[in-house]
Structure formats: structure tokens, C-alpha cells
Amino acid sequence: MSDTHLPKRAKALPAPLLAELPHADVVFHAGDWVDTATLDLLQSHSRRLVGVYGNNDGPQLRARLPEVAYADLDGLRFAVVHETGTAQGREARCAARFPDTDVLVFGHSHIPWDTTAPTGLRLLNPGSPTDRRRQPHCTYMTATVDGGTLTDVELHRLPPR
């Protein structure tokens, strides 16, 4: 997930997203939490949390989270960052910035994104579960890592609040 913007854009995380937490081995959050309560909630309800701060996150969150986070899952190398710049040229820019990464999870735009750079880097933006902006739905993603391969990447649309 990314761009939860609590409590400014919603009062709480959507129930369908919260229901997924016990089933996830790892939860990624690509920044713009806005409040520390969401970080505390995800830390207490996740087996493992990998998160970064975003441009809307203040000093308390920046003190607890890195700008870029890395995780190795079954031999698959993940990086998480909030911003990647404009859509044009994103794959080449990110492949150059993260040459030793297999999957890059990012946020900021609130626009779901799933592409693969010519180098093989997979770029995933789950959108936002609380602030759809100009998108038709609030969203989050799930995926499976099996034998060092990313499979079953699914964008989940959340019902209107």
C-alpha cells in the first residue's frame, strides 16, 4: 500500500485491507502515512513491515522510517521508495537508480502502476487505499513470491466509502 494520508483523507484504513494483514508475510508501505498511528497499527498487525517515509510525512515518521528500504524475499530483491519522478522515462530512471533490485514498490502519484523495465526491474505502485484522487477507485496490491519469482500480482479495488 501507499499514500494512506490518515487521518486527512480518511479516518481509518479500509476494512478489506485490514483483513488482508494477517494473511501477508510482508506488508509494504511506500510512504505518505501522515500520522504515526498508522505506522503503529501496521507494525502491530503485520508479521513484517517494510516502509518508507513520503513527502507528506513529518519529523516523527522520518525519524522512524528510511527514505529507501530494501528487503530480500526468497531471493527476490525488493526496494521501496515514495517518489520516482514523472511517468515518462520512469522505467529507465528506476532501473539506473536500483540496478540490484528485482521489484521496486513506489507511491506518490496515487495511480496504480505495474510495468517491467527492459532490465527486468518490475515497478509496482499500489495506488492509495484512502485517496483515489482522479482514479476511479481506491486501491492496494497483493502479490506472491514463490521460488524467487514474483507471481499473482493483483490490484484490489476498494468499495466507495
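Details
- Residues (under 24 Å from D146 (Cα atoms), over 15 Å from the mean Cα position of the chain (by Cα) and in a loop (DSSP other than H, G, I, E, B)) located in region 24-60: R47
- Counted residues, region 141-156 - those being of a type outside the set (A, V, I, L, M) and under 15 Å from the mean Cα position of the chain (by Cα): 4
- If the condition is being assigned to a loop (DSSP other than H, G, I, E, B) and surrounded by 14 or more Cβ atoms within 10 Å (Cβ to Cβ), then region 120-155 contributes L121, P126, G127, S128, P129, T130, D131, R132, Q135, H137.
- Per-region count, region 3-12, residues of a type outside the set (S, T, Y), buried (at least 20 other Cβ atoms within 10 Å of the Cβ) and under 17 Å from H156 (Cβ atoms): 1
- Test: residue in region 69-80 that is under 20 Å from S128 (Cα atoms), without any contact (Cβ under 8 Å) to a residue 24 or more places away in the chain, out of contact with any helix residue (DSSP H, G or I) (no Cβ under 9 Å at 6 or more places or on another chain) and surrounded by 15 or more Cβ atoms within 10 Å (Cβ to Cβ): yes
- Restricting attention to region 144-161, the residues that are out of contact with any Phe, Trp or Tyr (no Cβ under 6 Å at 6 or more places or on another chain) and in contact (Cβ under 8 Å) with a residue 24 or more places away in the chain add up to 11.
- Considered as a group, the residues in region 115-135 that are over 21 Å from D35 (Cα atoms) and modelled with pLDDT under 95 include one that is farthest from the chain's Cα centre (by Cα), and that residue is R134.
- When residues of region 18-57 are limited to those that are of a type outside the set (D, E), free of Cβ contacts under 8 Å to residues at least 24 places away in the same chain and over 24 Å from D152 (Cβ atoms), the one surrounded by the most Cβ atoms within 10 Å (Cβ to Cβ): Q43
- Qualifying positions in region 91-119 - part of a loop (DSSP other than H, G, I, E, B), closer than 22 Å to Y70 by Cβ and touching a residue at least 60 places away in the same chain (Cβ under 8 Å): F106, G107, H108
The values are calculated or read from the model by the stated rules, or taken from the named source; none is laboratory data. It should be emphasised that the depicted structure is a prediction, and the values quoted were computed from it without experimental measurement. Note: ideal-geometry Cβ built from the backbone for every residue, glycine included; neighbour counts use all protein chains shown.
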